[in-house]
Amino acid sequence: MFHTDPAYLADIKPLQRYIESELNVRDIIFSADETQSGIRYRAVADWAVLGRKLRKDLGRVRNALPAVSSEEIKAYIDSGKIKVDGIELIEGDLTVQRYLELPPTSEGQFATNTDNDVVIRLDIQVHAELQGEWLARELTNRVQKLRKKAGLQATDDVNVFYQFEEGSGSEILAAIKDNTEIITKTVGSLPANVKEKPANSVVIIEEEQEIDEVKFLIYLARS
C-alpha cells in the first residue's frame, strides 16, 4: 500500500489486523517511497471542459498527452505548469493519477488499483502453503458470524461442530488440523465432527455454510 504522506500511513497501520482479517490478506506492507513502490504518474483531462479553453489546439494536446513522461507529470504537480506539444497548461487543466505499471509477465501474479491517492499492489497468486491458512480463516469468520447471529457475547463459551457430506471437505478438515492455533485463538475451541457431540450438548444454532464451493453445516452447542 502506497501513499505519499507517512502520517497517513501511520493512521492506517492500527487497522492492519482488521484489514488482513476482513480481506484474508496475510500481510500488508506500507510505503511512502515512490522508488521502492514503483509509482508512476499520468494525466487525464476533462476534454469537454479543456476544449472550451483550447479550441483548435485541443487535438494537439489530446494526441500528445499519452506520451508525456511520468517525471514531467510529477513536476506539473509541484509547479502547476506543463507544456504539452508546446501548449502551456496550468493547474486544474489536468487531473493527475498515481498508478503502478505492471509488466506483462506479472499477469496472474499481481493486481493493482488506485483512487489517485492510495495505490495498492496485491499479490493474487495462490500459494499452496497459505491455502490452508485461508480456509481456516474463512471457517473462523463463518463461526464468528454465526455467534453474532445467535446473540452470543464474546465471553459465552460454546462448542463448534461441523458436518460434511461423505467424501467432501477434506481440504477444510486438513486446514482445521494444521491451523489449530489460529482457530482456537479466534473462536475459543477447535471444531469437531458433529458425531462427537455429547448427548447432553444442546444445539443453539445451526446453519449451512459454503467455503471454496464446499457446502457443509456448522453447529454451535452448549453443554
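No value in this document is a laboratory result; all are computed from the given coordinates. Quick caveat, the model's predicted, so the values are computed rather than measured. Backbone-built Cβ (ideal geometry, glycine too); neighbour counts: all protein chains shown.
Some observations on this one:
- Segments 11-20, 114-123, 175-184 sorted - mean Cβ within 10 Å per residue, highest first: 175-184, 114-123, 11-20
- Beta bridges by DSSP in the stretch 1-118, antiparallel share as percent, to the nearest 5: 90
- Modelled FRET efficiency - R0 22 Å, E88 with E34, Cβ distances, 0.05 increments: 0.25
- Between A199 and V49, the contour length at 0.36 nm per residue exceeds the Cα-Cα span by 46.6 nm.
- Point-to-point label distance, V126-S21, nm (Cα→Cβ direction, 7 Å offset): 2.7
- The H on the amide N of I205, modeled in the peptide plane, is under 5 Å from the matching H of L220, each at least 5 residues off or on a different chain.
- Cα-based reach from K53 at 26 Å (exclusive), listing lysines while leaving out same-chain residues under 8 positions away: K74, K81, K83
- In plain terms, if you count all Cα to Cα distances in the stretch 1-157 and split them into 5 Å steps from zero, the share in each step is 1, 7, 13, 14, 13, 11, 11, 9, 6, 6, 4, 3, 1, 1, 0 percent.
- Cα shape, the stretch 172-223, gyration tensor, a/c 1.5 rule: oblate
- Most simply put, the chain has about 90% antiparallel DSSP beta bridges, counting only bridges with both residues inside it.
- Taking 0.36 nm per residue of separation and subtracting the Cα-Cα distance, full extension of the segment from L173 to A154 would add 4.3 nm.
- Residue by residue, the stretch 133-138 carries 3J(HN,Hα) couplings of 5, 4, 4, 5, 5, 4 Hz when phi is fed to the Karplus relation 6.51 cos²θ - 1.76 cosθ + 1.60 (θ = phi - 60°); x denotes Gly or Pro.
- Surrounding net charge for K53, when Lys and Arg each add one and Asp and Glu each subtract one, Cβ distance under 14 Å: 0
- Pairs from K145/K215; K148/K197; K13/K215 whose Cα-Cα separation, in the structure shown, is over 27 Å: K13/K215
- For the stretch 119-223: rounded, prolate or oblate by the Cα gyration tensor [a/c cutoff 1.5]: prolate
- Estimated FRET transfer efficiency (K145, T4; beta-carbon r; R0 41 Å; 0.05): 0.65
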